[in-house]
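Report on the structure given below.
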Amino acid sequence: MDEVITAADVTSSSSPPSSPAALLPPNLPLLSAFLAFAIAQFLKVFTTWYTEKKWDSKRMIGSGGMPSSHSATVMALAVAIGLQEGTGGPTFAIAIVLACVVMYDASGVRLHAGRQAEVPPGPTRNLDY
């Protein structure tokens, strides 16, 4: 007589995952995007030290500065999607367009912020009467 195994039998006999890696979702693009964001934020502490010669751990949670965590996140997402699903699909096209928009906007904001910082202050007025 043949034995019949049902889906309930399989799920009830499965053991919990033994390694921490088994607890992570198997979503390579999402994991790579978060990892790129975390690395970029972590590196801001060192780039601040290199440019300003001071340690500022608040840079890890702040926005702005280099490296751009926004750009790192969307680029890692696009690359991971391209590697996992190929470059011919609509998902990769969406990721690349998103990456281009984010990086273009980030570079434009940095450019204008840099120009604003270069503008010398206007003539000071003596307000002492």
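The values are calculated or read from the model by the stated rules, or taken from the named source; none is laboratory data. Just so we're clear, the structure is a prediction, and the values are computed from it rather than from any experiment. FYI the Cβ positions are ideal-geometry reconstructions off the backbone, even for glycines, and counts take in every protein chain you see.
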Any residue at all in the range 47-57 that's closer than 22 Å to residue 106 by Cα and either modelled with pLDDT of 90 or more or of a type in the set (A, V, I, L, M) (or both)?
no
Pair list, Cβ < 7 Å and 6+ apart or interchain, from the range 22-43 residues that are surrounded by fewer than 17 Cβ atoms within 10 Å (Cβ to Cβ) to residues that are among the hydrophobic types (A, V, I, L, M, F, W, C) and at pLDDT below 85
31/24; 42/60
